[in-house]
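Visitor: Before anything else, here's the structure in question.
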Amino acid sequence: MAAKSITPDGVSTLLANPSPDSLSDLPDIVVQIVDLKPSGNRYMFSASDGKKKLRAILPSNMYSEVLSGNIQNLGLVRILDYTLNDIPNKSEKYLIVTKCEPVSPALEMEIKSEEPGILLKPKEEVGLKSEGDAGIVLKQKQEVVTKSAAQILNDQHRNSAPAARMAMTRRVRPLVSLNPYQGNWTIKVSVTNKGNMRTYKNARGEGCVFNVELTDEEGTQIQATMFNDAARKFYDRFVLGKVYYISKGTLKVANKQFKTVQNDYEMTLNENSEVEEVAGEASFVPETKFSFVQIDQLGPYVNKSELVDVIGVVKNVSSTMSIRRKSDNESIPKRDITIADETKKTVVVSLWNDLATNTGQDLLDIADQSPVVAIKSLRVGDFQGVSLSTISKSVILVNPDVPEAKKLRSWYESEGKDASMDSVGSGSSPTSNNGIRSVYTDRVPLAHITSDQSLGETKPAFFSVRGYISFIKPDQAMWYRACKTCNKKVTENIGSGYWCEGCQKSDEQCSLRYIMVAKVCDTSGEAFFSVFNQEAEKIVGCSADALDDLKSQEGEDNPYNLKLKQATWVPHLFRVSVTQNEYNNEKRQRITVRAVVPVDFAAESRMMLEEISKMRA
């Protein structure tokens, strides 16, 4: 049995050989793992040879080896591939172990030795021990066969796989080993997403930019960005799905605001970078991995740069509508789907472009079967409180073969189908911990809003208010005629029916949707609130169609006026946005109700007690 020990002066050997040109140049080095501890999705440790120690990192792709117990603290590992990097602002270096194999589980103690000759005996070698130096394992002398350089190269070429033949003259590094402090490197990656060429304008002038998402054979991803000359040089060269060798790029810490992949770094390629296509090789298509967020937990992601993955049962699918983009006045297709999950909350997901016309149509065709959809990379907005929207890199899987989908389907069939569900954005529960900006956050008196006319100048300001509806003007335009498909305003056709500009079609019927103004007051003052359909129905207590029926009834005690009167002097909790509108060359505040819920007096009491406790502290 081979002795379980470490390579003498292994750390010195690593330091003397910081960047081997090829895998065959790597020495056989066994070190002991000391002080193993997690750091994010990686593990840090010290590589020890008994005399010296070297700070080291096990990257995220080896995380499972530690969790499974294959790699242990005080255990031994054989270093098969590595990168040696400088520690910024220090003379020290640290080791990134990109490939290793366990040699021994945890030993009883840390190996410490000042004597040379501690060596692991390889399996295929026959040891010859000298009489005077027991413990020194000597390699048996091997017969040397003389070959020319051409013969050696021919043997390597014949015995290697096609991908390896192309990489024989270079050392390809895995993406996980790259960092900003490295020198020359070459990576072999597949283009798994390619963005459009975009133009920008800033203080330094105009320019163009585009980015790609790159994936290596291990499934690690990184985003690469190119500006101006580099963008024009590489835009046509990068083709979605093809494999490339890339070198002479730079790395920096990823900007979280624009990060689209799970990597701490992002890459920049300039006009001097090298991009070489690997012909005839299949793309590395990573398996779609999801990190699902439950619908009632979407609150903390509203208007943030972080993208989310969701899974839900499709409750409703709209027809395709055409939306005119403000930036270039171009019409783009859009379709809304409503999904629900076990939290008994629903959310609207807006599908754009091909996802609206292709996948959206497929969902419409099977909507009566309530399919399960898993959607990756969605942006969370605040439309109707909380809403989701696809982007260019979003992926939709219909009835995916994942455990979460099977669990969701089982729940829906057993109880979800008949359960009562609410929209996640229709005002959150005061006692929930889901992070949604509820009516119990940012509470201010009305005077705080009305006294500061600068609120909402640059971007909408959001507040919560407790107040009473003091007046609803009966003769105002309380509603508008809306398309039953997209809720946009319709116009009357000549003869009969209604025309929807959004859907580009006529319909014999339309619906009424609230768009009213109500005066709200509290102890500090009063203000006019703009209230739209969903919130107005909660305030008035009926739909706009029902209120219109009441308005048509005649009599002394008009039920229409009575209904509006019943809606006044009832306490409500409002979540509002404050913006600036211009009217007759004069800027005015516009306060819009985003959510409204009845007052929960128990929750109000608890909140007041918390405020008193803070004051006393």
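The values are calculated or read from the model by the stated rules, or taken from the named source; none is laboratory data. Computed from a predicted model, the values in this text were never measured in an experiment. Don't worry about glycine lacking a Cβ; one is built from the backbone with ideal geometry, like all the others, and counts go over all protein chains shown. Ligands, DNA and RNA are excluded from the accessible area calculation, which covers all protein heavy atoms including side chains. Shrake-Rupley method; radii C 1.70, N 1.55, O 1.52, S 1.80 Å.
Visitor: Could you check the range 564-606 and list, in sequence order, the residues that are part of a helix (DSSP H, G or I) and open to solvent by 40 Å² or more (accessible area, probe 1.4 Å)?
Guide: Of the range 564-606, the ones part of a helix (DSSP H, G or I) are 564-566, 601-606.
Result: LYS565, GLN566, PHE601, ALA602, SER605, ARG606.
Visitor: CYS486 fails exactly one of the following numbered conditions: (1) surrounded by fewer than 19 Cβ atoms within 10 Å (Cβ to Cβ); (2) part of a loop (DSSP other than H, G, I, E, B). What is the number of that condition?
Guide: (1)
Visitor: Which of the residues spanning the range 293-320 are open to solvent by less than 50 Å² (accessible area, probe 1.4 Å) and out of contact with any strand residue (DSSP E or B) (no Cβ under 8 Å at 6 or more places or on another chain)?
Guide: GLY299, SER305
Visitor: Further question: Working only within the range 238-270, note down all residues that are surrounded by fewer than 15 Cβ atoms within 10 Å (Cβ to Cβ) and among the hydrophobic types (A, V, I, L, M, F, W, C).
Guide: VAL239, LEU240, VAL253, PHE258
Visitor: Evaluate the following for LYS376: is it farther than 25 Å from SER577 by Cβ and open to solvent by 50 Å² or more (accessible area, probe 1.4 Å)?
Guide: Details: farther than 25 Å from SER577 by Cβ: yes; open to solvent by 50 Å² or more (accessible area, probe 1.4 Å): yes.
So LYS376 passes the test.
Visitor: Could we say that VAL285 is within 29 Å of VAL176 (Cβ to Cβ), at pLDDT below 90 and assigned by the TED database to the domain that holds GLN221 here?
Guide: On the way: within 29 Å of VAL176 (Cβ to Cβ): yes; at pLDDT below 90: yes; assigned by the TED database to the domain that holds GLN221: no.
Here the answer is no, as VAL285 does not meet what is asked.
Visitor: Regarding VAL570, is this residue under 22 Å from PHE383 (Cβ atoms) and of a type outside the set (S, T, N, Q)?
Guide: On the way: under 22 Å from PHE383 (Cβ atoms): no; of a type outside the set (S, T, N, Q): yes.
So VAL570 does not fit the description; no.
Visitor: If a residue counts only when it is in the same structural domain as ARG588 (by the TED database) and within 14 Å of LYS473 (Cβ to Cβ), which strands (runs of 3 or more DSSP E) contained entirely in the range 489-544 have at least 1 such residues?
Guide: On the way: elements: 490-492, 498-500, 505-507, 511-522, 525-532.
Answer list for the range 489-544: 511-522, 525-532.
Visitor: Oh, and also: Filter the range 391-418 down to residues that are touching a Ser or Thr at 6+ places or on another chain (Cβ under 7 Å) and of a type in the set (Ser, Thr, Tyr) and give me whichever is farthest from ASP362 (Cα to Cα).
Guide: The qualifying residue farthest from ASP362 (Cα to Cα) is TYR412.
Visitor: Further question: Looking at GLU115, GLU125, GLU92, can you tell me which residue is at pLDDT below 80, touching a Pro at 6+ places or on another chain (Cβ under 9 Å) and acidic (Asp, Glu)?
Guide: Numbers: GLU125 fails: touching a Pro at 6+ places or on another chain (Cβ under 9 Å); GLU92 fails: touching a Pro at 6+ places or on another chain (Cβ under 9 Å).
The unique qualifying residue is GLU115.
Visitor: I'd like to know if the range 221-237 contains one or more residues that are at pLDDT 85 or above, among the hydroxyl-bearing types (Ser, Thr, Tyr), open to solvent by less than 60 Å² (accessible area, probe 1.4 Å) and within 20 Å of the chain's Cα centre (by Cα).
Guide: yes
Visitor: Being closer than 30 Å to LEU364 by Cα and either touching a strand residue (DSSP E or B) at 6+ places or on another chain (Cβ under 6 Å) or open to solvent by less than 50 Å² (accessible area, probe 1.4 Å) (or both): is that true of SER273 here?
Guide: Values: closer than 30 Å to LEU364 by Cα: no; either touching a strand residue (DSSP E or B) at 6+ places or on another chain (Cβ under 6 Å) or open to solvent by less than 50 Å² (accessible area, probe 1.4 Å) (or both): yes.
The answer is no for SER273.
Visitor: Same structure, new question: Which of the residues that make up the range 195-218 are in contact with a Ser or Thr (Cβ under 9 Å, 6 or more places away or on another chain) and open to solvent by 40 Å² or more (accessible area, probe 1.4 Å)? Even if it seems obvious, please write down each step before you answer.
Guide: Here is the first cut: in the range 195-218, the residues in contact with a Ser or Thr (Cβ under 9 Å, 6 or more places away or on another chain) are 195-196, 206-217.
Hits for the range 195-218 are ASN196, GLU206, GLU217.
Visitor: Moving on to the next point. If you go through the range 225-235 one residue at a time, how many are in a helix (DSSP H, G or I) and aliphatic (A, V, I, L, M)?
Guide: Taking the range 225-235 and keeping what is in a helix (DSSP H, G or I), we get 228-234.
Imposing the further condition that a residue be aliphatic (A, V, I, L, M) reduces the set to 230-231.
Qualifying residue count, the range 225-235: 2.
Visitor: In the range 417-451, how many are at pLDDT below 90 and either surrounded by 14 or more Cβ atoms within 10 Å (Cβ to Cβ) or of a type in the set (S, T, N, Q) (or both)?
Guide: First, pick out the residues of the range 417-451 that are at pLDDT below 90: 417-443.
Still in the running and either surrounded by 14 or more Cβ atoms within 10 Å (Cβ to Cβ) or of a type in the set (S, T, N, Q) (or both): 420-443.
Result for the range 417-451: 24.
Visitor: On to the next question. Scanning the range 500-555 for residues that are polar (S, T, N, Q) and closer than 19 Å to VAL570 by Cα, which turns out most open to solvent (accessible area, probe 1.4 Å)? Quick ask: steps written out before the conclusion?
Guide: Taking the range 500-555 first, the residues polar (S, T, N, Q) are 504, 506, 509, 511, 523-524, 530, 533-534, 543, 552-553.
When the remaining residues are screened for being closer than 19 Å to VAL570 by Cα, the result is 523-524, 530, 533-534, 543.
Numbers: THR523: 151, SER524: 53, SER530: 19, ASN533: 20, GLN534: 69, SER543: 44 Å².
Filtering first and then ranking leaves THR523.
Visitor: Which members of the range 321-339 meet the condition of being out of contact with any Leu (no Cβ under 9 Å at 6 or more places or on another chain) and either aliphatic (A, V, I, L, M) or open to solvent by 40 Å² or more (accessible area, probe 1.4 Å) (or both)?
Guide: Within the range 321-339, MET321, SER322, ILE323, ARG324, ARG325, LYS326, SER327, ASP328, ASN329, GLU330, SER331, ILE332 qualify.
Visitor: Of all residues in the range 55-89, count the ones that are open to solvent by less than 10 Å² (accessible area, probe 1.4 Å) and touching a helix residue (DSSP H, G or I) at 6+ places or on another chain (Cβ under 6 Å).
Guide: 3
Visitor: Please go through the range 318-353 and give me each residue that is closer than 18 Å to ARG409 by Cβ, in contact with a Ser or Thr (Cβ under 9 Å, 6 or more places away or on another chain) and among the β-branched types (Val, Ile, Thr), ordered by number. Show your work before the answer.
Guide: Filtering the range 318-353 for residues closer than 18 Å to ARG409 by Cβ gives 337-346.
Applying the additional criterion that residues be in contact with a Ser or Thr (Cβ under 9 Å, 6 or more places away or on another chain) yields 337-340, 344-346.
Of everything in the range 318-353, those that are closer than 18 Å to ARG409 by Cβ, in contact with a Ser or Thr (Cβ under 9 Å, 6 or more places away or on another chain) and among the β-branched types (Val, Ile, Thr) turn out to be ILE337, THR338, ILE339, THR346.
Visitor: Something else now. Please find, within the range 397-416, the residue that is modelled with the lowest pLDDT out of those that are assigned to a helix (DSSP H, G or I) and touching a strand residue (DSSP E or B) at 6+ places or on another chain (Cβ under 8 Å). Steps first, please.
Guide: Going through the range 397-416, the residues assigned to a helix (DSSP H, G or I) turn out to be 403-414, 416.
Keeping just the survivors that are touching a strand residue (DSSP E or B) at 6+ places or on another chain (Cβ under 8 Å) gives 404-405, 408-409, 412, 416.
Working: GLU404: 93, ALA405: 93, LEU408: 94, ARG409: 94, TYR412: 93, GLY416: 89.
Only one residue fits best here, namely GLY416.
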